[in-house]
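Enquirer: Pasting a structure below so you can have a look.
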Amino acid sequence: MRKFTAPLVLTMAMLSSNANADFLGLYVGGGVWDHDPSGTFGTIGDDIINVESDLNYGGENDTYVWAAFEHFVPLIPNVRVEMASMGHTGTAANVTFDGVTLPGTGASSVNLDTTDAILYYRLLDNWVNFDLGLNLRKVEGDFTIDDRAVPISETIPMLYLAAQFDLPFSGFSVGADISKVSYDGSSYQDLRLRALYEMGVIGFEAGIRSTSLELDDVDTINADLEFEGIMLGAFLHF
């Protein structure tokens, strides 16, 4: 977003050579996120629109895919790439959006597609894993009511933290990760809490994901939105 800067890059240079995984690992996975929306959005100077009461948004299922490569090379970060889609559709009546008042009932949608490029170091690597890095997130999408669409296309630098606790000899683990940035009245946060089970090269994950987005005059949009729900996925670990 125009208002976000990237000072988080400096944290990468402060980490030592022991901050990488001590093995080579390739992960490939994907899954489904069943999420419900809440909150408001609107264009500058127009109505504040509630996505539940004004637009009748409800639960939706969307997909995500990801891949990660971990290594032991000093100073070079590990890499995770993730792509996800998130969309909601509904109907709107008697609202003002992008300078136009809708006289009757019209279709409405919010679509946000994200691509994450995460560069991270592993600070702990045993039965407790702890990662610190930078998530460069590309956000593309639009807010649409009737035939009025306001697009959004931004690259956002976010602080990335992840932790995982392995239960020895069981294949089970629990973990959490968060990507977050906040600047000049706007903020963006993505939080996941999950349980994992690995059996050989195959793994499964289940948990809760929450994405919150607060925009203050970004591409003419004000927003205070949250999308939260259950996620289920599977992955391969080579």
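Enquirer: Write out, first by first residue and then by second, each pair whose Cβ atoms fall under 6 Å of each other, whose residues are 6+ apart or on separate chains, and whose first residue, in the stretch 166-188, is at positive phi while the second is not in a strand (DSSP E or B).
Expert: Once the first residue is at positive phi and sits in the stretch 166-188, its partners that are not in a strand (DSSP E or B) give 184/3.
Enquirer: Considering only residues that are of a type outside the set (Asp, Glu), modelled with pLDDT of 95 or more and either part of a strand (DSSP E or B) or more than 13 Å from residue 133 (Cβ to Cβ) (or both), which ones fall in the stretch 64-83?
Expert: 64, 65, 66, 67, 68, 69, 78, 79, 80, 81, 83
Enquirer: Kindly indicate whether residue 99 is modelled with pLDDT of 90 or more and on the phi > 0 side of the Ramachandran plot.
Expert: Here the answer is no, as residue 99 does not meet what is asked.
Enquirer: Right, another one. Return yes or no: is residue 230 aliphatic (A, V, I, L, M), over 25 Å from residue 119 (Cα atoms) and surrounded by fewer than 20 Cβ atoms within 10 Å (Cβ to Cβ)?
Expert: yes
Enquirer: Across the stretch 31-45, which residue is nearest to residue 111 (Cα to Cα) among those that are modelled with pLDDT under 85 and surrounded by fewer than 17 Cβ atoms within 10 Å (Cβ to Cβ)?
Expert: Out of the qualifying residues, it is 44.
Enquirer: Right, here's the next one. Would you confirm, using the coordinates I've provided, whether residue 128 is surrounded by fewer than 19 Cβ atoms within 10 Å (Cβ to Cβ), within 28 Å of residue 96 (Cα to Cα), among the hydrophobic types (A, V, I, L, M, F, W, C) and touching a residue at least 24 places away in the same chain (Cβ under 8 Å)?
Expert: It is false that residue 128 is surrounded by fewer than 19 Cβ atoms within 10 Å (Cβ to Cβ), within 28 Å of residue 96 (Cα to Cα), among the hydrophobic types (A, V, I, L, M, F, W, C) and touching a residue at least 24 places away in the same chain (Cβ under 8 Å).
Enquirer: Also, I was wondering about something else. Which condition does residue 193 not pass, out of (1) surrounded by fewer than 16 Cβ atoms within 10 Å (Cβ to Cβ); (2) in contact (Cβ under 8 Å) with a residue 40 or more places away in the chain; (3) under 30 Å from residue 238 (Cα atoms), if it passes all the others?
Expert: Residue 193 satisfies every listed condition except (2).
Enquirer: Within the stretch 128-177, count every residue that is farther than 30 Å from residue 54 by Cα, among the aliphatic types (A, V, I, L, M) and part of a strand (DSSP E or B).
Expert: Counting residues in the stretch 128-177 that are farther than 30 Å from residue 54 by Cα, among the aliphatic types (A, V, I, L, M) and part of a strand (DSSP E or B) gives 11.
Enquirer: Okay, next question. For the stretch 159-192, how many residues meet the condition of being within 15 Å of the chain's Cα centre (by Cα) and either charged (D, E, K, R) or more than 21 Å from residue 214 (Cα to Cα) (or both)?
Expert: 6
Enquirer: Has the stretch 200-214 got any residue that is under 17 Å from residue 36 (Cα atoms) and aromatic (Phe, Trp, Tyr)?
Expert: No, because not a single residue in the stretch 200-214 is under 17 Å from residue 36 (Cα atoms) and aromatic (Phe, Trp, Tyr).
Enquirer: Among 149, 93, 67, which is on the phi < 0 side of the Ramachandran plot, surrounded by fewer than 18 Cβ atoms within 10 Å (Cβ to Cβ), more than 26 Å from the chain's Cα centre (by Cα) and not aromatic (Phe, Trp, Tyr)?
Expert: Going through 149, 93, 67 in turn, the sole match is 93.
The values are calculated or read from the model by the stated rules, or taken from the named source; none is laboratory data. Predicted model, so just to flag it, every value in this text is computed and none were measured. Positions of Cβ are backbone-derived with ideal geometry, glycine not excepted, and every protein chain shown enters the neighbour counts.
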